[in-house]
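The values are calculated or read from the model by the stated rules, or taken from the named source; none is laboratory data. Predicted, not measured: the structure shown is a model, and the values here were computed from it. Neighbour counts are summed over all protein chains in view; Cβ atoms, including those assigned to glycine, are modelled from backbone coordinates with ideal geometry. Surface accessibility is based on the protein's heavy atoms, side chains included, excluding ligands, DNA and RNA. Shrake-Rupley method; radii C 1.70, N 1.55, O 1.52, S 1.80 Å.
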Amino acid sequence: MVLLEVAEIRTEPVSGAAVLLLREADGRRHLALWIADPEKTAIADAINETEPVRPLTHDLLARAIAVLCEEEPQCIITKVEDGIWFGELVLGDMRIDARPSDLVALALRLPVPIWCTEEVISTAGILLDAGPEDALEEFRHFLDDVSPDDFGPGPSTSG
């Protein structure tokens, strides 16, 4: 398993679609996932530690897991097929199918690590060289030249 960190959320300039950039914790590989606006907001709120007046869906689920689960949950991005990303929320012996964008929003709230399989990072990873600032600049150039069509179905089914 490969430990991931949230590197950045960007807006693709042509379509306005949100892209979540996850970085390999001990390496240079990155994953770029197209995500919908609600998940973009949920992830950004968790990063900024914004507390809603009333709990939203990810907040509610994180609180329920924290109260009901004795073991630390695992959030794992498991595969990419035809441009669609898949993940699992692991609660003890249970494995629950989940969108990776929801897993990231949940992991940030619990807080627990975000993982992916070696196969996912090997096949879908983007190798960004140099330091963090250079890597983000290189990714920005990547976003300037890419379109959502390059990754398969749109944000409502991919992240």
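Is it possible to state the helix-based mean residue ellipticity at 222 nm for the chain, with each DSSP H run of 4+ residues giving -39500 (n - 2.57), the sum divided by total residues, to the nearest 500 deg cm²/dmol? What is it? Write down the numbers at each step before the final one.
Numbers: 6 runs with 58 residues, N = 159.
The helix-only estimate for the chain comes to -10500 deg cm²/dmol at 222 nm.
The antiparallel fraction among DSSP beta bridges confined to the range 1-114 stands at about 95%.
Taking 0.36 nm per residue of separation and subtracting the current Cα-Cα distance, fully stretching the chain between R28 and L56 would add 6.7 nm.
Counting only GluC sites (Glu not before Pro) that sit in a DSSP loop (anything but H, G, I, E, B) with at most 12 other Cβ atoms within 10 Å, what is the longest stretch of the chain containing none of them? Before the final figure, lay out the partial values.
Numbers: sites that count: E49, E70, E71.
Between the exposed loop sites, the longest stretch runs 72-159.
Taking the 1.4 Å solvent-accessible surface of the chain as the whole, the part contributed by carbon and sulfur is 52%. Between E118 and D37, the contour length at 0.36 nm per residue exceeds the Cα-Cα span by 26.4 nm. What does the C-alpha gyration tensor say about the overall shape of the range 1-81? Classify as rounded when a/c is under 1.5, otherwise prolate if a/b is larger than b/c, or oblate. Oblate is the answer for the range 1-81, as a/c is 1.5 or above yet b/c matches or exceeds a/b. Amide H contacts of A7 (H built 1.01 Å from N, in plane; Pro and chain starts excluded): L21, L22, R23 sit under 5 Å, all sequence-distant by 5 or more or on other chains.
Derived from the Cα gyration tensor, the three semi-axes of the equivalent ellipsoid of the range 50-107 are 22, 16, 7 Å, largest first.
Helix 57-68 against the longest principal axis of the chain: what's the angle in degrees, Cα atoms only, rounded to the nearest 10? Helix 57-68 and the main axis of the chain meet at about 50 degrees.
Annotation: V14 carries an accessible surface of approximately 120 Å², with a 1.4 Å probe and no ligand, DNA or RNA atoms counted. With viscosity 1.306 mPa s and temperature 10 °C, the Kirkwood radius over alpha carbon pairs of the chain converts through Stokes-Einstein to a diffusion coefficient of 99 µm²/s. Within the shell of other residues whose beta carbon sits under 15 angstrom from the beta carbon of D59, the net charge comes to -2, with Lys and Arg scored +1 and Asp and Glu -1. Would you mind checking the range 92-110 for residues with the amide N under 19 Å from a putative spin-label position 7 Å along Cα→C-beta of A66? Label zone hits: 92, 102-110. In this structure the amide hydrogen of A98, modeled in the peptide plane, comes within under 5 Å of the amide hydrogens of G87, E88, L89, none closer than 5 places in sequence on its chain.
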